[in-house]
Amino acid sequence: MDEVGSPAFRRSSAPASSSIRTETIESLTDLEDLERVYAQLCAEEVEVQKELKVLSGQQSTIETKMLALQRIGPNLQLIEGDATQLSGMINFTCSLAENVSSKVRQLDLTKKRLYQAIQRADDILDLKFCTDGVQTALRNNDYEQAAAHIHRYLSLDQSVIELSRQGGESTAVDASLALLQEAEVNLKALVTKRLEEAVATGDLPQVERFFKILPLLGLHEQGLAQFAKYLCSQLASKAEENLLLAMGSDLSDRRAPLIFADTLTLLLEGIARIIETHQPIVETYYGPGRLYTLLTHLQKECDAQAQKVVEKFIQQRDYCNKFQVVQSSMMRGVSVEKIEPRELDPVLCEVTLMNSRAELYLRFLKRRISADFEVADATATDSVIQEHQQCLERLLKDCKLSCTIQELIGYYIPMEEYYMRETVNKAVTMDTAEVGQLSSSMVDDVFYIVKKCISRALTSGNSDCVCAMINHAISVLETDFREVLVTKLRAGYPASTLQDLHRGVTSAVSLMQSSLQQGKIQSLGIESQEQAKTAYLVTLNNVQVCSENISTLKKNLESDCAKLFSQLAGSEHAQAKIDSCLSDLVNTSSKLKDLLQEGLQELSNTAIKPQVKPWISSFLSIAHNIEEEEFSEYEVNDPWVQQLVVQLEQLMAEFKAALSPIIYDTLTSLMTSLVAMELEKTIFKCTFSRLGGLQFDKELRSLVAYLSSVTSWTIRDKFARLTQIATILNLERVSEILDYWGPNSGPLTWRLTPAEVRQVLALRVDFRSEDIKRLRL
Amino acid sequence: MEDYDYLFKIVLIGNAGVGKTCLVRRFTQGLFPPGQGATIGVDFMIKTVEIKGVKVKLQIWDTAGQERFRSITQSYYRSANALILTYDITCEDSFRCLPEWLREIEQYANNQVVTILVGNKIDLAEKREVHRQRAEEFAEAHSMLYLETSAKESDNVEKLFLDLACVLIREAKQNTLDNNESAPMPGEGKNINYLSCCNIN
């Protein structure tokens with residue numbers, strides 16, 4: 001009871017003593033203070049009493065709880081006894097378990113040692129067995145068996161053998177080890193020697209026999225080297241035989257022009273066949289990843305043999321000499337010695353064929369070796385894979401065959417360029433225009449030649465070679481050939497002075513002027529003038545066909561290249577290069593289009609403008625300041641426009657027949673512009689009455705209707721100003737213009753400036769200039 | 001429409017092993033591949049740069065220096081807007097061959113081509129065999145620009161290509177200006193450049 005009550009007591013007394021100390025009370029002298037303290041103390045007393053009451057209220061519950069606790073007491077003693085007993089049992093079990101497990105551990109160790117002992121005994125037995133076996137096998141010349149024993153010995157754990165030496169039975173093991181080592185050295189020497197002998201005599205079964213034994217003795221490199229040596233010797237004899245055959249072959253044979261390409265093909269196919277046949281053996285006995293080693297040996301022989309073929313080719317075909325002649329004739333332009341391009345044809349074909357075979361072969365090697373490395377490097381690190389990749393790249397890039405072929409192509413390109421240039425020149429000189437044909441023979445000839453040359457380069461399978469030939473082709477088309485077309489156009493279209501005389505419209509002055517300018521052409525007869533005309537028109541057609549042909553050529557080459565290079569690995573880069581070169585052809589095509597435009601403008605200036613101008617100015621002689629009577633007469637007898645239409649029709653008929661539809665259309669469009677421009681100039685020199693304006697409107701309508709019928713271009717735009725002029729000339733009053741002008745213009749867009757509108761209004765004799773001035777436009 | 005204002009072809013030429021491929025790699029990919037093998041034929045890279053808001057697509061043709069590829073590389077001269085003639089400052093031989101290269105340029109390139117002489121490998125300063133002044137004089141005598149670079153340390157590589165692009169833009173602008181001056185009067189059609197000698201009106 002006390003114990004429970006004491007904290008409560010302390011709790012309540014502690015604040016009482018600390019809030020107001022006895023000393024503080026004693027020291028108080030002031031009444032006010034005393035009263036305040038007293039009141040505080042009274043309040044505290046009430047508080048304490050309230051707490052006391054609560055505590056005494058709890059007394060009965062606490063007593064009941066105490067009784068219950070006293071009743072539990074004896075039970076607790078029972079539990080304590082049980083716990084002690086349990087603890088003793090657990091301790092006992094624990095020590096027992098530890099005892100057992102230590103015994104198991106000992107057993108385990110013993111077992112392991114036992115196994116090691118057995119392994120060692122086995123190894124020693126193996127060693128002994130091997131020692132005996134090797135000796136018997138060697139005695140029986142059973143190299144396979146002996147090698148198998150040595151292989152077993154080599155695959156024994158070296159540390160075990162070392163350990164055995166330190167053991168008690170060292171002398172016995174030492175002896176057999178010594179024997180084995182001796183046997184190993186002997187066997188290696190013997191087998192290597194035998195293999196060498198077999199290689200030397202070309203004894204295939206023996207070669208294969210010992211070739212299979214060497215990897216068992218750990219002599220992979222030697223084995224592959226010897227085997228390669230054997231294969232090389234086979235290759236060499238076969239290649240020499242083929243080359244001899246080639247040299248002695250009949251010149252009239254169908255394949256004679258390609259005999260060196262064929263010989264090279266035989267050589268490369270031979271190697272491919274060797275790989276096909278022997279790769280399985282190598283893989284079985286030497287494991288994957290060894291093909292590279294074998295092929296580095298073989299490639300040396302391949303290089304040597306290919307070199308021989310190429311040398312013979314160069315010698316027999318006079319390749320270098322031809323190249324030098326071509327080179328010098330291209331450098332100096334005119335040369336004493338010149339090769340007929342046709343002579344180069346076969347040799348160019350042969351070279352590209354050789355190149356394509358070599359490319360094919362190198363791709364085959366790459367594919368095979370990569371596949372072999374892939375199998376071997378399945379679990380290898382990235383750096384190993386990369387190193388193998390680099391080795392392979394180096395082998396293919398640095399081999400003599402690659403270099404030799406690249407050299408051949410290096411000579412080929414200038415020769416092919418020469419062939420193209422010369423043949424194109426020839427096509428130009430032999431150019432003929434058949435009657436009834438719009439363009440002349442050279443256009444198609446030139447494109448046939450260019451296509452042939454690039455296609456031949458394409459057969460080489462070498463993307464750089466193709467690109468170079470595309471570049472040269474562009475150069476030939478853009479400079480040489482374009483120059484030919486430009487020169488022809490520069491000769492000009494002869495002005496038709498005689499026609500002018502017939503028509504009797506040209507003034508003497510203009511006739512004199514044009515004859516001065518065209519002195520040369522005028523001295524020619526009518527016939528040659530006609531020829532010059534035809535030549536000019538044909539050239540225009542030629543330029544257009546060329547520009548189209550270039551686009552076609554580009555498209556064809558694109559698909560050809562895509563077809564050829566799509567199967568190759570890493571071809572995206574080659575494809576991008578070729579595409580870039582081909583895209584330059586588009587520029588060439590558009591340059592020709594510009595030339596065509598210039599040529600047409602020239603034609604329009606010389607042949608159309610001088611004729612059309614007087615026809616249009618004859619408008620001046622037809623009065624448009626007319627009354628009813630004249631208007632009706634004009635209605636019956638057209639004074640001007642019908643004749644103009646007939647004249648234009650006649651003028652253009654000649655061109656319509658001689659020009660391709662597209663060019664003719666462009667020319668008509670030029671003519672239409674010219675007519676519009678000249679007519680506008682003329683109008684401003686005339687005067688009009690109201691009916692004259694109406695007359696002009698009618699004339700303009702029939703002219704526009706005619707011109708619309710002869711061209712596919714829209715001409716409304718070209719005649720927009722004239723139509724608006726006609727509208728103005730047709731007005732009743734000056735002020736009527738305001739119905740069409742400014743906010744009232746509706747869908748009409750005025751092409752005339754306000755000043756021009758006034759100018760046109762002034763052409764009407766019946767409009768007063770004050771009214772026109774007063775207009776607010 | 002492709003996304004550039006100008007397209008220029010730049011062709012790198014010079015002896016084998018002077019570092020043409022490394023210059024191109026450094027510029028286009030930011031790499032310096034050690035142990036770079038000899039280039040076979042011609043290599044081709046594209047990089048688009050922006051200079052003062054003008055997008056310039058540079059088509060860079062990296063040619064093989066070895067003699068046997070000469071006839072392939074020569075075919076690229078004619079359409080080139082610029083040639084980068086490269087030599088190795090640590091190799092007197094590569095400098096001595098320059099006149100030969102200039103003869104090639106003379107023979108095959110168009111006459112508006114911009115040529116810049118580049119001395120590469122200045123990171124190997126201690127092995128220098130060709131003095132800067134000598135090269136500068138040579139370049140000036142043949143009216144070429146001159147720059148020394150290090151593809152390894154990336155010195156002046158950006159500058160080389162960007163300067164070149166600037167020069168080419170300037171020339172291209174000059175050309176269009178010239179063309180515009182001779183442009184036809186409106187309504188008269190296009191002027192005749194090739195046929196003007198016999199123009200009759």
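The values are calculated or read from the model by the stated rules, or taken from the named source; none is laboratory data. If you're wondering where the values come from, they're calculated on a predicted model, not measured in any experiment. Positions of Cβ are generated from backbone atoms using ideal geometry, with glycine treated the same way; all protein chains shown enter the neighbour counts. Side chains are part of the model used for accessible areas, which takes the heavy atoms of the whole protein and leaves out ligands, DNA and RNA. Shrake-Rupley method; radii C 1.70, N 1.55, O 1.52, S 1.80 Å.
Table for the structure above
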| item | result |
| --- | --- |
| Any hit, the stretch A:335-342, residues being surrounded by 14 or more Cβ atoms within 10 Å (Cβ to Cβ), over 26 Å from the mean Cα position of the chain (by Cα) and within 27 Å of residue A:251 (Cα to Cα) | yes |
| Tally, over the stretch A:407-421, of residues that are open to solvent by 30 Å² or more (accessible area, probe 1.4 Å) and more than 15 Å from residue A:474 (Cα to Cα) | 2 |
| Cross-chain or 6+ apart pairs with Cβ under 7 Å, the stretch A:583-612 first and over 25 Å from residue A:534 (Cβ atoms) and within 8 Å of chain B (Cβ to nearest Cβ), then assigned to a helix (DSSP H, G or I) and modelled with pLDDT of 90 or more | A:584/A:474 |
| The listed residue being surrounded by 20 or more Cβ atoms within 10 Å (Cβ to Cβ), over 18 Å from residue A:351 (Cβ atoms), within 26 Å of the chain's Cα centre (by Cα) and at the interface with chain B (Cβ under 8 Å from one of its Cβ atoms), out of A:463, A:475 | A:475 |
| Top-ranked residue in the stretch A:422-458 [being open to solvent by 20 Å² or more (accessible area, probe 1.4 Å) and either under 22 Å from residue B:64 (Cα atoms) or among the aliphatic types (A, V, I, L, M) (or both); ranked as nearest to the other protein chains (Cβ to nearest Cβ)] | A:428 |
| Members of the stretch A:444-496 that are of a type in the set (Ser, Thr, Tyr) and under 18 Å from residue A:421 (Cβ atoms) | A:448, A:455, A:475, A:479, A:487 |
| Criterion: closer than 30 Å to residue A:447 by Cα, touching a Leu at 6+ places or on another chain (Cβ under 9 Å) and within 14 Å of another protein chain (Cβ to nearest Cβ) - qualifying residue of A:407, A:416 | A:416 |
| Answer residue from the stretch A:293-318, given it is over 37 Å from the mean Cα position of the chain (by Cα) and charged (D, E, K, R) and is least open to solvent (accessible area, probe 1.4 Å) among those | A:317 |
| Checklist (1) buried (at least 22 other Cβ atoms within 10 Å of the Cβ); (2) away from chain B (no Cβ under 14 Å); (3) farther than 22 Å from residue A:531 by Cβ applied to residue A:469, failing item | (2) |
| Subset of the stretch A:759-777 (residues that are farther than 17 Å from residue A:692 by Cβ, open to solvent by 70 Å² or more (accessible area, probe 1.4 Å) and not in a loop (DSSP other than H, G, I, E, B)) | A:770, A:773, A:774 |
| Residue satisfying condition, being out of contact with any Asp or Glu (no Cβ under 8 Å at 6 or more places or on another chain) and of a type in the set (A, V, I, L, M), within set A:246, A:239 | A:239 |
| Qualifying residue in the stretch A:285-292 (condition: more than 36 Å from the chain's Cα centre (by Cα), surrounded by fewer than 21 Cβ atoms within 10 Å (Cβ to Cβ) and not in a helix (DSSP H, G or I)) | yes |
| Check on residue A:680, charged (D, E, K, R), farther than 30 Å from residue A:494 by Cα, out of contact with any Asp or Glu (no Cβ under 6 Å at 6 or more places or on another chain) and not in a loop (DSSP other than H, G, I, E, B) | no |
| Test for residue A:622: is it closer than 30 Å to residue A:698 by Cβ and either touching a Pro at 6+ places or on another chain (Cβ under 6 Å) or within 14 Å of chain B (Cβ to nearest Cβ) (or both) | yes |
| Members of the stretch A:672-690 that are open to solvent by less than 60 Å² (accessible area, probe 1.4 Å), away from chain B (no Cβ under 12 Å) and more than 16 Å from residue A:767 (Cα to Cα) | A:672, A:675, A:679, A:682, A:683 |
